[in-house]
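The values are calculated or read from the model by the stated rules, or taken from the named source; none is laboratory data. Remember, predicted model here, so these are calculated numbers, not experimental data. Cβ: placed from backbone, ideal geometry, glycine included. Neighbour counts: every protein chain shown. When the accessible area is computed, the model is the full protein with side chains, heavy atoms only, and any ligands, DNA or RNA have been set aside. Shrake-Rupley method; radii C 1.70, N 1.55, O 1.52, S 1.80 Å.
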Amino acid sequence: MATNFDFLKRTDKDLYEIISEAEKLYRDEYFEQCMTQTRRFGENVCKNVLGSRRTTEISFDAMLATLKDCTLGSTIESKEFVDDLYFLKKHGNEATHSFKVKHDGMEALECLQRAFEVAINYCVYSHGYERNLLKLNFDTELLITGKKPRKSLSEKYQEEKSKTAAKTKKQTKQKNRPQYCSVKSQSQKNTKPLFWIFVMISALVSLMMIIILAVI
């Protein structure tokens, strides 16, 4: 089953196993266990990055404090890397020691996304992998289905953009189309029979009046 962390296999298979298990836990809706697993992932990444610089540090907190004092790439990259690890530690601890189960899928999702950024920085800045990895984006569809989508995020965006443009063009065309109103004229009723009946009655009345006047 595909994961967002497949690129990590060639760098550290153990780390890959830890974080791919976190994705599986999320997919099965074990959100708090997922956060605990991302914390475990972060702690092991921190331990690996410190390497020989780690002396008496045992706890995750102590290792992070030492890591914070180290130089890892640029200042911004170092800060983001350490901040992500602190985030994983904090939310992982809360999930592990919380008395009440929260079932917070959004929080677990953010932990996975932060772990994804940690994994990329770990591969690029600690192992010198190509910087193309920095262009990767976390795919929630892949997380949920475990299957790589046939279309990339860019292709989906272009497809939706084309559909929207075509719909807008169609609506504009319909709006600007001249309206033709065809009104069917009612067929005029044939009034001629009534007219001639009226004429005949009028003529008879007139004739009778003439006769009466003549008699008188």
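Determine, yes or no, whether GLU94 is of a type in the set (Asp, Glu), under 18 Å from GLN113 (Cβ atoms), buried (at least 16 other Cβ atoms within 10 Å of the Cβ) and at pLDDT below 95. It would help to see each step written out before you state the result.
Values: of a type in the set (Asp, Glu): yes; under 18 Å from GLN113 (Cβ atoms): yes; buried (at least 16 other Cβ atoms within 10 Å of the Cβ): yes; at pLDDT below 95: yes.
Judged against the criteria, GLU94 is a match.
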request  = Can you give me the number of residues within the range 27-61 that are over 24 Å from GLU94 (Cα atoms) and either in contact with a strand residue (DSSP E or B) (Cβ under 8 Å, 6 or more places away or on another chain) or open to solvent by 80 Å² or more (accessible area, probe 1.4 Å) (or both)?
outcome  = 5
key: Among (1) outside any helix (DSSP H, G or I); (2) open to solvent by 60 Å² or more (accessible area, probe 1.4 Å) - the single one GLU117 does not satisfy   = (1)
query = Which condition breaks for GLU57 when tested against (1) among the acidic types (Asp, Glu); (2) on the phi > 0 side of the Ramachandran plot; (3) more than 24 Å from the chain's Cα centre (by Cα)?
reply = (2)
query = Of these, LYS79, LYS24, which one is surrounded by fewer than 21 Cβ atoms within 10 Å (Cβ to Cβ) and modelled with pLDDT of 90 or more?
reply = LYS24
task = Using the structure shown, decide if LYS148 is open to solvent by 100 Å² or more (accessible area, probe 1.4 Å), modelled with pLDDT of 70 or more and part of a loop (DSSP other than H, G, I, E, B).
result = yes
